[in-house]
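Trainee: Got a structure for you, written out below as structure tokens; questions coming shortly.
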Amino acid sequence: MDNLNLISTFAEFKELKNIDKSTMIGVLEEVFRHLLVKTYETDENFDIIINAERGDLEIWRNRVIVADGEVENPNQQISLSDARKIDATYEVDEEVADEIKLEQFGRRAVLSLRQNLASRIMDLEKASLYEKYSEKVGEIMTGEVYQVWKKEILVLDDDDNELILPKSEQIPSDFFRKGDTIRAIISKVEMRNNTPVIILSRTAPEFLERLFEQEVPEIYDGLITIKKIVRIPGERAKVAVESYDERIDPVGACVGVKGSRIYAVVKELRNENIDVVNWTANTQLLIQRALNPAKVSSITLDDEKKTASVYLKPNEVSLAIGKGGLNIRLASMLTGYDIDVYREVEEEDVALDEFSDEIDQWIIDALKGIGCDTAKSVLEMPVAELARRTDLEEETVREVVDILKSEFE
């Protein structure tokens with residue numbers, strides 16, 4: 001059994017995905033020094049020479065030459081006669097270096113060393129992989145689908161590291177086969193049974209944010225900031241953006257000419273509808289923009305309860321709520337307010353003749369004579385003006401006005 005036999009995987013060590021050469025050499029030396037201490041009680045007089053390029057190593061023991069019969073520690077001393085078997089010119093007090101072959105440690109010790117080395121390298125790879133991907137959390141990665149299971153997809157990166165895309169982190173309409181290229185965000189890295197597990201996501205808001213950064217140079221350059229993103233994956237999303245340059249329209253820049261920029265994002269998200277809105281610190285205005293395309297008539301806020309009562313014309317209500325309530329849900333998520341939508345009821349006008357049981361007909365005729373043939377047309381005119389134009393007493397006009405007002409209260 002020789003050195004190369006022991007490290008039959010040396011060629012693999014040189015190709016390890018996540019361990020640099022200097023770290024690998026350090027581990028090898030540490031493992032062999034541990035064996036030396038176990039065998040000889042010390043490693044101080046040993047030199048370990050590792051050639052990672054060639055894929056081999058040598059162990060040399062340094063011993064001091066003493067006169068024959070004066071050897072007290074065979075590990076650190078060698079007799080003159082034994083030294084001269086190596087080189088006839090050696091003298092007492094000189095130092096001799098002789099190579100230690102692996103078979104000198106014994107089969108059991110070598111086997112233990114091999115297992116120790118494999119275990120240390122595996123731990124190193126795991127730690128290196130965990131550190132590598134922990135630094136990449138929040139970034140987009142592109143990988144290849146290696147295996148599709150019911151609850152998750154196994155993805156391989158460019159270095160053949162295994163990553164997991166759970167079903168819960170997939171867009172509902174996602175469908176992948178083995179060999180497909182897939183893009184996702186690195187969501188988190190967990191340690192399970194001392195093994196790093198890299199979790200991907202295509203449903204996280206950050207995935208949409210990274211896609212916008214790739215498609216919109218102004219976002220990547222920091223001229224436009226994404227203030228907030230809310231999503232119902234595969235269905236609809238709302239993105240609030242703000243520009244630090246007055247010359248740049250943030251919404252227009254994100255959408256692109258004829259939707260050219262946002263198209264690539266929508267396609268990647270399986271045709272998820274994306275609303276891009278201008279961010280504002282004005283809550284009422286933000287709610288109004290968030291409910292787009294509906295046109296809001298008025299908004300009443302309760303800042304303590306974080307609720308908003310939104311009033312719209314009857315034909316705008318369905319637009320505000322959206323299909324399956326998606327629009328109003330996303331608007332609430334974006335603004336942080338619970339939004340209640342109300343129909344704005346328009347009061348219908350009533351003809352004056354409808355009041356003939358309460359108002360004398362001659363008074364009704366007088367009012368109609370000046371063009372006031374409905375209740376609202378009377379109420380819109382000042383009492384004094386009505387009295388002057390109809391020749392009615394002001395007191396009579398006030399009585400009429402009171403009757404008409406009660407109709408709308």
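Trainee: Using just the helices of the chain, give the 222 nm mean residue ellipticity in deg cm²/dmol: DSSP H runs with n ≥ 4 each add -39,500 (n - 2.57), and the total is spread over all residues, rounded to 500.
Mentor: So the calculated ellipticity at 222 nm is -11000 deg cm²/dmol.
Trainee: What translational D, rounded to a whole number of µm²/s, comes out for region 283-357 from Stokes-Einstein when the hydrodynamic radius is the Kirkwood one over Cα pairs, at 20 °C and 1.002 mPa s?
Mentor: Working: Rh = 13.4 Å.
My calculation gives 160 µm²/s for D.
Trainee: Let me ask something else. Per residue, what volume in Å³ does the Cα convex hull of region 293-409 take up?
Mentor: Numbers: hull volume 17.2 nm³, N = 117.
It comes to 147 Å³ per residue, whole-number rounded.
Trainee: Cα convex hull of region 49-90: how many Å³ per residue?
Mentor: Residue-normalised Cα hull volume stands at 80 Å³.
Trainee: Taking the Cα centre of region 235-361 as the origin, how large is its charge dipole in debye, to the nearest 20, when only Lys and Arg (+1) and Asp and Glu (-1) carry charge on their Cβ atoms?
Mentor: Dipole of region 235-361, to the nearest 20 debye: 1600 debye.
Trainee: Okay, next question. Please provide three numbers in whole Å: the alpha-carbon extents of region 118-165 along the principal axes, with the largest listed first.
Mentor: So the three principal-axis extents are 33, 25, 19 Å.
Trainee: Something else about it: For Lys188, list long-range residues whose amide hydrogen, built 1.01 Å from N in the peptide plane, is under 5 Å from its own amide hydrogen.
Mentor: Hits under the 5 Å cutoff: Ile199.
Trainee: Then there's this: Given Cα positions, please report Rg to Rh for region 153-240, the hydrodynamic radius being the Kirkwood one.
Mentor: Result: Rg/Rh = 1.01.
Trainee: Still on this model: Please find the FRET efficiency linking Glu44 to Asp160, where r is the Cβ-Cβ separation and R0 is fixed at 35 Å, and quote it to the nearest 0.05. Please list the in-between numbers first.
Mentor: On the way: r = 41 Å, r/R0 = 1.17.
Between Glu44 and Asp160 the formula returns 0.30.
Trainee: Taking the dipole about the Cα centre of the chain, with the C-beta of Lys and Arg at +1 and of Asp and Glu at -1, give me whichever of Val310, Ala264, Val64 is farthest to the positive side.
Mentor: Going by the charge dipole, the pick is Val64.
Trainee: Quick one: if the Förster radius is 56 Å, what FRET efficiency do Asp303 and Ala127 give, using the C-beta to C-beta distance and rounding to 0.05?
Mentor: Efficiency for this residue pair is about 0.70.
Trainee: Continuing with the same structure: Can you work out the base-10 log of I(q)/I(0) for the chain at q = 0.08, 0.11 1/Å, using the Debye formula on its C-alpha atoms alone?
Mentor: -0.74, -0.94
Trainee: Just the number, please: Stokes-Einstein D of region 18-150 in µm²/s, Kirkwood Rh from C-alpha pairs, 25 °C, 0.890 mPa s.
Mentor: Translational D for this selection: 134 µm²/s.
Trainee: So for region 64-141, considering every pair of alpha-carbon atoms, how many percent are separated by more than 21 Å?
Mentor: When all Cα pairs of region 64-141 are counted, 59 percent exceed 21 Å.
Trainee: Tell me, in nm to one decimal, what length is gained between Lys21 and Asp365 on full extension, where the rule is 0.36 nm per residue of separation less the Cα-Cα distance?
Mentor: Going from the current span to full extension adds 113.3 nm.
Trainee: Pop the C-beta distance of Ser134 and Asp68 into the FRET formula with R0 = 41 Å and round what comes out to the nearest 0.05. Can you show the working numbers first?
Mentor: Values: r = 61 Å, r/R0 = 1.50.
The pair Ser134/Asp68 has a calculated efficiency of 0.10.
Trainee: Need one word for region 364-409: rounded, prolate or oblate. Basis is the Cα gyration tensor (sqrt eigenvalues a ≥ b ≥ c); a/c below 1.5 gives rounded, then a/b vs b/c decides.
Mentor: It is oblate, given that a/c is not under 1.5 and a/b is not larger than b/c.
Trainee: For Ser112 and Lys150, calculate 0.36 nm times their separation in residues minus their Cα-Cα distance, and state this gained length in nm to one decimal.
Mentor: Full extension from Ser112 to Lys150 adds 9.6 nm.
Trainee: Sticking with this structure for a sec: If you take the C-alpha gyration tensor of region 76-204, multiply each eigenvalue by 5 and take the square root, what semi-axes do you get, largest first, in whole Å?
Mentor: Semi-axes (√(5λ), whole Å): 56, 14, 13.
Trainee: Could you please state, rounded to a whole Å, how far the C-alpha centre of region 291-348 is from the C-alpha centre of region 213-236?
Mentor: Computed from Cα coordinates, the inter-centre distance equals 24 Å.
Trainee: To continue, here is another question. Mean projection of the alpha-carbon convex hull of region 95-140 over all orientations, in nm²?
Mentor: Averaged projected area of region 95-140's Cα convex hull equals 5.7 nm².
Trainee: Let me ask something else about it. Taking 0.36 nm per residue of separation and subtracting the Cα-Cα distance, what length does fully extending Asp373 through Arg183 add? Mind showing how you got there, number by number?
Mentor: Values: separation 190, 0.36 × 190 = 68.40 nm, distance 6.92 nm.
Residue separation times 0.36 nm, minus the Cα-Cα distance, leaves 61.5 nm.
Trainee: Can you divide the C-alpha Rg of region 227-305 by 2.2 N^0.38 Å and report the result to two decimal places?
Mentor: Compactness ratio reported: 1.21.
Trainee: May I ask for the net charge around Asp47, where only other residues with Cβ less than 14 Å from the Cβ of Asp47 are counted and Lys, Arg are +1 while Asp, Glu are -1?
Mentor: -4
Trainee: May I pose another question? For region 210-356, go through all pairs of different Cα atoms, get the mean of 1/r, take its inverse, and jot down that Kirkwood value in Å.
Mentor: With all distinct Cα pairs of region 210-356 included, I get 16.8 Å.
Trainee: Something else about it: How charged is the neighbourhood of Val310? Take every other residue with its Cβ under 13 Å from the Cβ of Val310, and add Lys/Arg as +1 and Asp/Glu as -1.
Mentor: Numbers: positive: Arg289, Lys295, Lys313, Arg343; negative: Asp302, Glu316, Asp338, Asp340, Glu344.
Once positives and negatives cancel, what remains is -1.
Read the figures in this text as sums done on the coordinates, not as results from a lab. This is a predicted model, so every value here is computed, not measured. Every residue, glycine as well, gets a Cβ built from its backbone with ideal geometry; the counts of neighbours run over all protein chains shown.
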